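Beneath this line is the structure, given in structure tokens, with notes to follow.
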Amino acid sequence: MSPVRHQATMSGIPAEAHENRIVTWENAMREGNQAYFAQQDQRAMNEYQAALEQAKLLLKECVQADKPVQVAIDTVMAAYVVSHHNLANVYARQGDINTAACRLCEAHQCLSRICADPAMSCALREAAQRHGRRTYRELLNFSHLYSQHPLVTRTLRVCGQFCSLQEQPLH
């Protein structure tokens, strides 16, 4: 199955710049993964943080879109979620459970807000709903591993499983 494509303009940003951000994100993730598996946590954290900054810019571009251009929304959502989750893994491995929880919760809360906002495009809301299934599972897993961390418990209570509890179609 191919990524969902959405006609959108990146608020005056050329499509090439958007593609360059995706390539930059991919490179940072690759470097981060290499560092992570080599037990070089500080380097991994730096690379994952750089990747997250690119993913945030990509997501912001999708949210603020106003003119037609091909955008792989699922690619952007995946970049955002994976960046947060990889950072959370590094923090957890270093014993910084609170910061790891913050990363996981931030991703889930963001997708929950997008999904709940009727002003967002249908394609963006549906992508947030799909990727929210992953963030929800990660929160549940984290909660079980770390004795129901209070921030995770609160996020699960407030945002819940928005991805599967949607009563009506988003379009």
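Bear in mind that the values in this text are calculations on the coordinates, not laboratory data. Treat the numbers as computed from the prediction; the structure is a model and nothing was measured. Counting neighbours? That spans all protein chains shown, and the Cβs are built from the backbone with ideal geometry, glycine included.
Here are some notes:
- Whole-percent pair-distance distribution, where bins are 10 Å wide, for the alpha carbons of the stretch 71-121: 26, 44, 24, 7
- Between Gln109 and Gln148, the contour length at 0.36 nm per residue exceeds the alpha carbon distance by 12.3 nm.
- Computed over the alpha carbons of the stretch 5-162, Rg followed by Dmax gives 15.8, 46 Å.
- Between Arg133 and Arg43, full extension at 0.36 nm per residue minus the direct alpha carbon distance yields a gain of 29.5 nm.
- Eigen-decomposition of the gyration tensor built on the alpha-carbon atoms of the stretch 85-155 gives equivalent ellipsoid semi-axes of 25, 11, 9 angstrom, largest listed first.
- Under the Karplus curve 6.51 cos²θ - 1.76 cosθ + 1.60, θ = phi - 60°, whole-Hz ³J(HN,Hα) for the stretch 16-27, x wherever Gly or Pro sits: 4, 5, 5, 4, 4, 5, 5, 5, 4, 4, 4, 5
- Size of electric dipole in the stretch 5-162: Cβ of Lys, Arg +1 and of Asp, Glu -1, about Cα centre, debye, nearest 20: 480 debye
- One chain, two ends: Gln94 and Leu140. Fully extended at 0.36 nm per residue, the span grows by 14.5 nm beyond their Cα-Cα distance.
- Counting beta carbons within 10 Å around each of Ser121, Ser112 and listing the fewest first gives the order Ser121, Ser112.
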